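Everything on this sheet refers to the single structure shown next.
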Amino acid sequence: MGRFRVTKIKLPRLDCFVDRHGKRRYYLRRGKWARLPLTGEPSSIEFMAKYYAALRSADPRSKSHSDGGACVKDGTFGHLVHQYFASPDYRRLSPQTQKNYRDVIMRFLREEDVGHRRVQEMTRQHVLTIIARRAETPGAANDLLKKLRILIHFAIDNGWRKDDPTVRIKKFSGRISYLDGRRDHRIRKYVGRRIA
């Protein structure tokens with residue numbers, strides 16, 4: 001008989017259940033309410049849209065946006081990403097580039113848990129902190145910064161916000177040593193230098 005276990009992709013209140021046929025099933029815990037089944041895989045934008053919609057399902061005051069069965073709250077990063085993936089800007093990219101963008105952006109939503117956060121509330125400090133957390137992998141940090149700029153520019157072009165919190169934030173250069181005790185110093189220096 002199958003049993004619940006912790007899913008490898010860490011999302012709040014998400015359970016992963018492997019049934020007796022070996023099929024992986026996902027459910028959202030909702031306190032006193034019954035678990036809500038979620039279809040698809042956590043790596044897909046469709047799954048994440050349903051996940052964030054399910055998180056808000058207990059709040060009838062939540063204003064939502066519906067498109068093709070997926071429901072995400074207006075003005076949030078979940079909504080922004082959903083709109084970007086449906087835009088000509090994204091669809092004109094090559095399939096391989098689309099996959100790269102999708103992987104990086106979806107990983108950002110999962111790891112930072114910002115799908116429900118409002119785009120207009122992101123500050124320069126938020127961006128600096130997000131990038132600094134990836135100091136051990138400068139290439140990944142720089143790639144994420146690039147994708148964040150693309151999302152923010154898309155948001156500005158569509159009237160979601162007027163300013164760009166990623167402006168003048170520089171990329172990491174070179175490799176960071178993790179074995180000589182300088183990693184935390186480099187992160188603090190990176191954040192502090194760019195706040196000034």
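The values are calculated or read from the model by the stated rules, or taken from the named source; none is laboratory data. As the structure is a computational prediction, the values presented were derived from the model and not from experiment. Here the Cβ is made from the backbone with ideal geometry for all residues, glycine too, and neighbour counts use every protein chain on show.
What number of residues within the range 144-159 are in contact (Cβ under 8 Å) with a residue 40 or more places away in the chain and surrounded by 18 or more Cβ atoms within 10 Å (Cβ to Cβ)?
6
Looking at the range 116-140, which of its residues are among the acidic types (Asp, Glu) and farther than 16 Å from Thr76 by Cβ?
Glu136
Could you please find all residues in the range 141-175 being closer than 20 Å to Phe77 by Cα and small (Gly, Ala, Ser)?
Residues satisfying the conditions are Ala141, Ala155, Gly159.
Output the residue which, of all residues in the range 170-190 that are under 30 Å from Tyr84 (Cα atoms) and surrounded by 17 or more Cβ atoms within 10 Å (Cβ to Cβ), is modelled with the highest pLDDT.
By that ranking, first place goes to Phe172.
Is there any pair with a first residue in the range 110-130 that is at negative phi and a second that is among the hydroxyl-bearing types (Ser, Thr, Tyr) and modelled with pLDDT under 90 whose Cβ atoms are under 7 Å apart and which are 6 or more apart or on different chains, and what are they?
Sorted first by the residue in the range 110-130, then by its partner, the pairs are Gly115/Tyr52; His116/Tyr52.
Quick one: which helices (runs of 4 or more DSSP H) lie wholly within the range 29-129 and hold at least 2 residues that are among the β-branched types (Val, Ile, Thr), at pLDDT 75 or above and over 16 Å from Ile152 (Cβ atoms)?
none
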